[in-house]
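Let me begin by presenting the structure, written as structure tokens, before commenting on it.
The values are calculated or read from the model by the stated rules, or taken from the named source; none is laboratory data. Given the structure is predicted, the values throughout are model-derived calculations rather than measurements. FYI the Cβ positions are ideal-geometry reconstructions off the backbone, even for glycines, and counts take in every protein chain you see. SASA here: full protein model, heavy atoms, side chains in, ligands and nucleic acids out. Shrake-Rupley method; radii C 1.70, N 1.55, O 1.52, S 1.80 Å.
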4 protein chains.
Amino acid sequence: EGDLVLTLSCPDRPGIVAAVTQHLFERRANIEESQQFSDHRTGRYFMRVRFDTGLADVDVEDWRREFDSVAGEFGMVWELRKAVTAYRMVVMVSRFGHVLNDLLFRWKSGQINADIVGIVSNHTDLEPMARSYGIPFHHIPVTRETKAGAEAQLRELVAAHDVELIALARYMQVLSDDLCRDLGGRVINIHHSFLPSFKGAKPYHQAFARGVKVIGATAHYVTADLDEGPIIEQDIHRVDHRMNAEDLVAAGEEVESRVFARAVKWHCESRIILNEDRTIVFS
Amino acid sequence: EGDLVLTLSCPDRPGIVAAVTQHLFERRANIEESQQFSDHRTGRYFMRVRFDTGLADVDVEDWRREFDSVAGEFGMVWELRKAVTAYRMVVMVSRFGHVLNDLLFRWKSGQINADIVGIVSNHTDLEPMARSYGIPFHHIPVTRETKAGAEAQLRELVAAHDVELIALARYMQVLSDDLCRDLGGRVINIHHSFLPSFKGAKPYHQAFARGVKVIGATAHYVTADLDEGPIIEQDIHRVDHRMNAEDLVAAGEEVESRVFARAVKWHCESRIILNEDRTIVFS
Amino acid sequence: EGDLVLTLSCPDRPGIVAAVTQHLFERRANIEESQQFSDHRTGRYFMRVRFDTGLADVDVEDWRREFDSVAGEFGMVWELRKAVTAYRMVVMVSRFGHVLNDLLFRWKSGQINADIVGIVSNHTDLEPMARSYGIPFHHIPVTRETKAGAEAQLRELVAAHDVELIALARYMQVLSDDLCRDLGGRVINIHHSFLPSFKGAKPYHQAFARGVKVIGATAHYVTADLDEGPIIEQDIHRVDHRMNAEDLVAAGEEVESRVFARAVKWHCESRIILNEDRTIVFS
Amino acid sequence: EGDLVLTLSCPDRPGIVAAVTQHLFERRANIEESQQFSDHRTGRYFMRVRFDTGLADVDVEDWRREFDSVAGEFGMVWELRKAVTAYRMVVMVSRFGHVLNDLLFRWKSGQINADIVGIVSNHTDLEPMARSYGIPFHHIPVTRETKAGAEAQLRELVAAHDVELIALARYMQVLSDDLCRDLGGRVINIHHSFLPSFKGAKPYHQAFARGVKVIGATAHYVTADLDEGPIIEQDIHRVDHRMNAEDLVAAGEEVESRVFARAVKWHCESRIILNEDRTIVFS
């Protein structure tokens, strides 16, 4: 259909909404959804608008050109894309398949606006799952010695398919600082704790040791600073004294899958905008 | 401060946001918050805008006059009020005080944008609580014979104080059809079940009898059709086989208070718009 | 391992726990888990004990024989089985695969103590999913004319495999009264609403029409009285005015899967005991 | 009535339940509630039993004497008290009254099995609230210089009333190490974050800075190690990008009150047993 999605941020000042909506009105577009947020702390304004152009065959480039003058006037950082254009996504996993299984089923049933161009893993355990969905599987093992080469392979894949999102669905390797930087805002990780609690390895075991009564999961953009990237979504699961660390691991699977799926879904609908080290989520 | 809140609904068509925001821009207002919803089913458009006029002393009447031409063009149903103007509210209770206690504490700590002009009860149990907050208490007993008179007293109170919201904080009497109609959209009730489950009397006992694993509470606008009014908010509490009906009653208190407080708070911030028998909640 | 699970119910009176635990102590068993509930309303006592016999090769029949005298003294209805003995289960589905997908993944990863002896469907859509897990798929179409025959086929399957649990993972056909009666307490259904709200067909559409702010799902044992069987588990998902009936359907998938998986898991660990038209869940 | 509550822990071995329940059976007691937990990690066994002695006038000392031989045989640490015996409690607050207001209302309505022998504050803001409930209010200001004296006053109060629980309902002073040690397991604090996230001062501001999507509260026993004591209960509240630190503070009030009330209620029903630096909660 002829829907476009516009996301933007700029220094806040009167007249932004008027300018944007006047522009859309003049081009006979009808606003379907519109959300905005004005951050008094940073003085920046954020907006997401989904509008119906009424056209069967939309020339996005033309709409971008036309909007450029509005954007320039306000110093906007912005993006404009067709609502139906799927995000080109690579999913990375290691051995645990619960998050991948949940994501693939949702994706197959049309809930995730993405083309999964490949599944990458440092193991082969989940190759059958990838194959059952007809998705190319890339086995890229990682050792200390081969890490640079492995990342080079990943970069090639990203470049070859013009990948827009890398979804780390329990990928247990740390990406290099360089890669984190180069793919900034394009890599979503699921951390199996309620960040900032229990950073690093074996968070459920840490949680058990601390005797918490609630465990959680956190989806966040990956930065060079491990487990410190902007948080997209979090959710929790109650636990009690009868559960040991392994029970927490099992109980956490569900919340990991849920939180990750939401984050990926929102990203693929252009609902997330970075605001320094925080996220605006127009869910 | 100089903030105004505009709420409106009208038949959906291109140009509404542009017209409203252009109007505000021309009057040098800065949009602080803006939410909209386009209901494809009914073809109606709904909007709430909070904007800063930049003026120390806002003449609301003047702003209303000016906006009238925009409103007329689109056939808008609309309201415009100062953000700081408290809603004039009457709270009605019977014997259970938990919802009232919670509401009054929140109100006292500034969370509810209301002037509580009086607390009305068909009993005297909660008079001390009303007094401890310095709020006038009106004891209006209700029997089959005195019901008409009691409602007349209530109407007087409403008229005398120009009451904008009647909050039924576990008021156990049914209002007459006439009163419901005359006060349409201005009376919020808390029903102690997860509507439409367990309408009518003793919902926790009904819930126990059915063996549910989750109980709930529902805040809704009151209509002549008992427990059928537009739902504003709902929430739940888990229960288990060890709890009897009285335990459910106790467990439910918390969720009743929470749900009711949210509904009243939102109403007093002009965040709720009626859409036929449903609510738009711009929370 | 040598763990056994004992579940029992009987008229409540002093000495039950003493008798059971004394018996286990004399047989050198060590109690691993024990839960009990005394229902003052019905005067019945319910208990679940998991104990370690300390034996590598447990002769369950022998333990049953020995326990019989204790059981007889108190008029117990009881069961004793090895903790590791998987429940023989048939899963029935129609076209929606989200609940099945979630269940199969959990089952594959060892969370559900069951042998899935077959997947039965009145459609063929989910045959590939069944096959990818290596589970026999039975296509048993149902029309008004063939219903009796279809149920006969199902009964054969149940008899042939000594099936202990039939899990209706969004099976959209109503079972006959006779079948419900004959399989009483052995059929778990997932209803896609927060029962007793929205019984019958298209519950999400009913929920949308009523304008609720929370949707839910209910796992219950099937009885001849449609959607009235004993509730095992319920959970909810928040919704808002922006969501239409189809959005509710999508949002509900997750909670349906979650609720159903818990109910099936608990059944297969002998954690559920029927108490008239209610359930005791020793989760 | 004649109900007693027994709580115990001891090294795990076969025969504990049999011995305890046989003892109760011989004394003609009927078990009302019973919960147990066997910690494989530490090899300890924990149990809580509530039983009905059937006696109008129970001589607790006598029951203690009789149970002593059972306890001795298994090396039990144990307590036995009448179920109706209220815990003697002191509540400490500073300026924020939401947690106190919630606790007092629940206490007044009979939900908390406690005698509040006094409310202690380093400020006078909440004196009226204390008075409205008829509870003695003690203003004990604390400065660096007077801290020792202030704690001496508190110790006197504790000694004079044989206080069993000190409930820190947002008391903003740190207790000295000595006091923490001397009152070990008898002081419950509510920390306004989801521990171990955001220890120390201004946790909501820390939470805002980190950009979390969920905030929480934690009730825990106080130890000399600040914010590191055994966790009793935790719960959470969703937040979003529109909320600043002050909004988080307001949103958190509700969850703080809820979490704290549960912890205090459970403690006063002897439902919590310490297991090294963790809690067993037989809720």
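Summary table below
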{"read-out": "Accessible area of D:TYR204 in the full protein assembly, 1.4 Å probe (Å², nearest 10)", "value": "10 Å²"}
{"read-out": "Copy-to-copy label separations for D:ALA159, where each label sits 7 Å from Cα toward Cβ, in nm and ascending", "value": "6.8, 7.9, 8.2"}
{"read-out": "Other-copy label distances relative to D:ARG238, 7 angstrom Cα-Cβ extension, nm", "value": "0.4, 1.7, 1.8"}
{"read-out": "Closest-to-axis residue of chain A (Cβ criterion, axis taking A to C), whole Å", "value": "A:SER132, 2"}
{"read-out": "Neighbour cut-off at most 15 other Cβ (10 Å), DSSP loop, trypsin sites (Lys or Arg not before Pro), segment B:235-264", "value": "B:ARG242"}
{"read-out": "Whole-number percent relative contact order across chain B, with pairs defined as alpha carbons under 8 Å at least 6 apart", "value": "15 percent"}
{"read-out": "Alpha-carbon Rg with Dmax, taken over the protein assembly as shown, Å", "value": "31.1, 91"}
{"read-out": "Segment C:82-156: trypsin sites (Lys or Arg not before Pro) in DSSP loop, at most 11 other beta carbons within 10 Å", "value": "C:ARG144"}
{"read-out": "Stokes-Einstein D in µm²/s, Kirkwood radius over Cα pairs - segment B:164-262 at 20 °C with 1.002 mPa s viscosity", "value": "157 µm²/s"}
{"read-out": "B/D buried area, accessible surface, summed, 1.4 Å probe, Å²", "value": "1200 Å²"}
{"read-out": "Compactness of segment C:1-107, expressed as Rg and Dmax over alpha-carbon positions, Å", "value": "17.2, 53"}
{"read-out": "Residue among D:ALA56, D:ALA207, D:ALA167 with the largest mean-square fluctuation in a Gaussian network model of chain D, springs linking Cα atoms under 10 Å", "value": "D:ALA56"}
{"read-out": "Most mobile listed residue (B:MET243, B:MET92, B:MET129) in chain B, GNM with C-alpha springs under 10 Å", "value": "B:MET243"}
{"read-out": "Per-residue SASA entry for A:SER197, accessible area with 1.4 Å probe, Å² rounded to 10", "value": "0 Å²"}
{"read-out": "Shape call, chain D: gyration tensor on alpha carbons, a/c limit 1.5", "value": "prolate"}
{"read-out": "Carbon and sulfur %, accessible surface of segment C:191-269 computed with the full protein complex present, 1.4 Å", "value": "58 percent"}
{"read-out": "7 Å along Cα→Cβ, label-point gaps from B:ALA209 to other copies, nm, shortest first", "value": "2.5, 5.4, 5.6"}
{"read-out": "Occluded residues from segment C:183-232, i.e. those whose accessible area drops by 50 Å² or more once the chain is not alone (1.4 Å probe)", "value": "C:PHE194, C:PRO196, C:PHE208, C:ARG210, C:LYS213, C:VAL214, C:ILE231"}
{"read-out": "Prolate/oblate/rounded call for segment C:209-283, Cα gyration tensor, a/c under 1.5 rounded", "value": "prolate"}
{"read-out": "Shielding of A:18-25 by partner chains, average beta-carbon count, 10 Å", "value": "6"}
{"read-out": "The protein assembly as shown - accessible surface per residue (Å², probe 1.4 Å)", "value": "39 Å²"}
{"read-out": "Unsatisfied cross-links (Cα-Cα over 25 Å) in the set D:LYS82/D:LYS108; A:LYS108/A:LYS202; B:LYS265/D:LYS265; B:LYS213/C:LYS199", "value": "A:LYS108/A:LYS202; B:LYS265/D:LYS265"}
